[in-house]
């Protein structure tokens, strides 16, 4: 018998809060519901923080429910203050539309948009044309400022300052839910736990305006055991676009995840059966490396495909286990002008490859004994690589986990 998706999400540690737990579980078990998850296109790629909602969308779709992926081309013009200590940078309409167009390709790796099995809509369609007075008379009257200020997403901003502009975000997101309810019969909203207040606003708005039942539940945020957000690397966010975060770096992030977080990552980010996950994580110490390898390969395969995951795995084997294909590791290819300008100094190559943020950062790394060229420690700031070695490539390593192969273009 197929498990109720509510139980699946609970068992995997994904489901966090639900507006009407028993009612929602019953509905998801006996009816095919239409639900939505929103994604504000504030960058030109999704990152790993978006992946838990995508996984939920996939679990729900596989259980027979219909997802709406809502791109926030309208709400992103305001900017969600949740979890932010200051106002977000305001993006142009052109930037938002470009970003939104790039999201669908990434979503399509795990969401089936064919034959109307899932819907992709952009709230720019109804948000950008709103008339302020009409909107406030129709929607704004249903929101209590006292109640809004008590919401967690606003409360933490009161000391640093909260603009009315940002405060309108809750009204906009709630209006989204109402529009989707009217257009597509959408009765559920799902989102990260930091969206709880906004989601309750939308649910209550439908119940007031339409006299219909509406529901919402939140997903756990992807955090370490210490409560820190996952997905931050030395080079920045863990993007799903391989041009912003290389497949090798993506793979290595999960291969090196903390022992305490392996089971949580496998449960929340992959579709592997819990029986297999429990077995993989029933060990400790070095034996847990197998679970980390499975996590790294499975998640990289989900995001980038089997071929790219295999290349990343082989590159890791070449570096750490003395086997595999070294050609698949991150590579810096230098043309004649770059060779001449850099003088092939290791300090410059560390910055050009992205292993270090600046020359001063590179010098600190060399000073601390953390930089190697072909496994030989670099101790002199002025040390340079011989150009003749670029034919076969020189591997520059920072610490134990960051590598780049330098070649002549």
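The values are calculated or read from the model by the stated rules, or taken from the named source; none is laboratory data. Values in this document were obtained by computation on a predicted structure and should not be read as measured data. Here Cβ is always computed from backbone atoms with ideal geometry, including for glycine, and neighbour counts include all displayed protein chains.
Annotations
- Criterion (assigned to a helix (DSSP H, G or I) and touching a strand residue (DSSP E or B) at 6+ places or on another chain (Cβ under 8 Å)) met by exactly one of 299, 349, 355: 349
- Verdict on residue 228 being without any contact (Cβ under 8 Å) to a residue 40 or more places away in the chain and surrounded by fewer than 20 Cβ atoms within 10 Å (Cβ to Cβ): yes
- Check on residue 272, in a helix (DSSP H, G or I), under 28 Å from the mean Cα position of the chain (by Cα), at pLDDT 90 or above and surrounded by fewer than 20 Cβ atoms within 10 Å (Cβ to Cβ): no
- Among the residues of the range 1-13, those identified as in a loop (DSSP other than H, G, I, E, B) and surrounded by fewer than 21 Cβ atoms within 10 Å (Cβ to Cβ) are 1, 2, 3, 4, 13.
- Among the residues of the range 98-136, the ones that are assigned to a helix (DSSP H, G or I), more than 23 Å from residue 298 (Cβ to Cβ) and in contact (Cβ under 8 Å) with a residue 40 or more places away in the chain come to 9 in all.
- Taken as a whole, the structure places residue 60 among residues that are at pLDDT 90 or above and buried (at least 18 other Cβ atoms within 10 Å of the Cβ).
- Among the residues of the range 343-355, some residue qualifies, meaning at least one is modelled with pLDDT under 85 and either surrounded by fewer than 16 Cβ atoms within 10 Å (Cβ to Cβ) or closer than 20 Å to residue 256 by Cα (or both).
- Comparison of 318, 286 shows that the only residue that is assigned to a helix (DSSP H, G or I), modelled with pLDDT under 85 and either assigned by TED's automatic domain parsing to the domain that holds residue 242 or on the phi > 0 side of the Ramachandran plot (or both) is 318.
- Residue 52 at pLDDT below 95, touching a helix residue (DSSP H, G or I) at 6+ places or on another chain (Cβ under 7 Å) and more than 24 Å from residue 109 (Cα to Cα): no
- Considering the range 91-112, and only residues there that are loosely packed, with under 15 Cβ neighbours inside 10 Å and touching a helix residue (DSSP H, G or I) at 6+ places or on another chain (Cβ under 8 Å), the residue that is farthest from residue 308 (Cα to Cα) turns out to be 93.
- Exactly one residue out of 382, 337 is assigned to a loop (DSSP other than H, G, I, E, B) and either at pLDDT 85 or above or over 29 Å from residue 317 (Cβ atoms) (or both), and it is 382.
- Condition check for residue 201: under 15 Å from residue 17 (Cβ atoms) and either at pLDDT below 95 or in contact with a helix residue (DSSP H, G or I) (Cβ under 7 Å, 6 or more places away or on another chain) (or both): yes
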